[in-house]
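Reading through the structure tokens given below for one structure.
The values are calculated or read from the model by the stated rules, or taken from the named source; none is laboratory data. Everything quoted here is computed from the prediction, not taken from an experiment. When we count neighbours, we look across all protein chains shown, and the Cβ atoms used for this are built from the backbone with ideal geometry, even at glycine. When the accessible area is computed, the model is the full protein with side chains, heavy atoms only, and any ligands, DNA or RNA have been set aside. Shrake-Rupley method; radii C 1.70, N 1.55, O 1.52, S 1.80 Å.
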Amino acid sequence: MKRIRRMTAALLSVLAVFLLLPLQALAAGSIDLNQDVSLTISYQDGNTPLVGAEFDIFLVATVDEYGELTTTKDFAQFHVNIRGKDDEAWRTLASTLEGYVLRDAISPADSAKTNDKGLVSFPTNGKSLKAGLYFVLGHRHTQNGYRYDPAPFMVMLPGLDKENNIWAYDVTVNAKFDSSQIPDNPDDNTIDRKVLKVWADDGHEKDRPKEVIVQLLRDGKVYDTVTLNAANNWRYTWTALNDRYTWTIVEKELEGYTVEVTREGITFVVTNTYNEEIPDEPTPTAPTTPDKPTTPTKPTLPQTGQLWWPVPVLIAAGLLFVVIGLVRRRGAVDEE
């Protein structure tokens, strides 16, 4: 009987530790969908503000009070994975969505240009933003003899400030970019672009399509279309492209597969992953901002599409049932 008491006391001590966790995790609570959300982008090259640079934001998924995301109509048609696990996944998602947004000329939720401090804030006058997952697309900007190409990124509004366990409804991020000096004769400069198809479909090679269609976009417009297949080793190279323009690629939608587009130097890598089962309405994770552009409190979000608070509660409940089961079992043994 004493051993039963000691075992029970030990398990109850562990249980008490876990019961303390929700007190902190519950502090964030549910998302207040009635509270306004905003996004501020800081765009600077060192200490030099980049003035007059244009940014568009697109609502990819709405969010409910519990942190669950629902893809919007404009983006539900694309076979992409918005269940990001880390910053790299969000960068890949943004890179993939860029081509679709440009090709299909999807209308942004809002657009604005940076001010004399290199800042741009959303929503702009007369508009409002819904809580949810946003895709941010910047346009090429020239200043002081340089051109700047901002990297597209994803951002969640509101963001969860993990350090203080509160929802941050006003989010600020630092936009990343590639920069290069404008040549004296831009039309004389040419570049090459490559595309490589990668299949992530182990065990399902027989389901693989015999070919896929890839489109090359010049400043967002379809410039060329190529077919990739086994005959050309699922790759293609465009040569002597005018460096004056921005070049992007997009794959035509492929049923049964999700698509990811990443860029490695001059090569666009298009990866298709076989879907065992395609859900009708995905409930993706709520992401952090790629490359950790931060709010003043560096918010991060859960990776399961839910708030953190159910986790310790479920653990505590499980331990409680374990304690009850052990006590009952030991009691039954003693009676025998």
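Just to verify a result, which residue in segment 114-127, among those that are modelled with pLDDT of 95 or more and of a type in the set (Gly, Ala, Ser), is surrounded by the most Cβ atoms within 10 Å (Cβ to Cβ)? Restricting to residues being modelled with pLDDT of 95 or more and of a type in the set (Gly, Ala, Ser), the top hit is Gly118. Within segment 91-108, track down each residue that is small (Gly, Ala, Ser), without any contact (Cβ under 8 Å) to a residue 60 or more places away in the chain and open to solvent by less than 40 Å² (accessible area, probe 1.4 Å). Residues satisfying the conditions do not exist here.
Restricting attention to segment 171-188, the residues that are open to solvent by less than 60 Å² (accessible area, probe 1.4 Å) and either among the small types (Gly, Ala, Ser) or outside any strand (DSSP E or B) (or both) total 4. Note on segment 83-100: residues that are in contact with a helix residue (DSSP H, G or I) (Cβ under 9 Å, 6 or more places away or on another chain) and under 10 Å from Phe135 (Cβ atoms) amount to 2.
Restricted to segment 165-187, and to residues that are more than 22 Å from Leu33 (Cα to Cα) and out of contact with any Asp or Glu (no Cβ under 9 Å at 6 or more places or on another chain), which residue is modelled with the highest pLDDT? For segment 165-187, the residue satisfying everything is Ala175.
Is there a residue in segment 229-248 that is touching a residue at least 40 places away in the same chain (Cβ under 8 Å), among the aromatic types (Phe, Trp, Tyr) and in contact with a helix residue (DSSP H, G or I) (Cβ under 8 Å, 6 or more places away or on another chain)? No: segment 229-248 contains no residue that is touching a residue at least 40 places away in the same chain (Cβ under 8 Å), among the aromatic types (Phe, Trp, Tyr) and in contact with a helix residue (DSSP H, G or I) (Cβ under 8 Å, 6 or more places away or on another chain). On the basis of being assigned to a loop (DSSP other than H, G, I, E, B), open to solvent by 50 Å² or more (accessible area, probe 1.4 Å) and modelled with pLDDT of 90 or more, does Arg244 make the cut? Against the criterion (assigned to a loop (DSSP other than H, G, I, E, B), open to solvent by 50 Å² or more (accessible area, probe 1.4 Å) and modelled with pLDDT of 90 or more), Arg244 qualifies. Exactly one residue out of Val222, Val250, Val259 is assigned to a strand (DSSP E or B), of a type in the set (A, V, I, L, M, F, W, C) and surrounded by fewer than 16 Cβ atoms within 10 Å (Cβ to Cβ): that is Val222.
Every condition in (1) under 19 Å from Ser107 (Cα atoms); (2) part of a strand (DSSP E or B) is met by Phe78 except one, and the failing one is (2).
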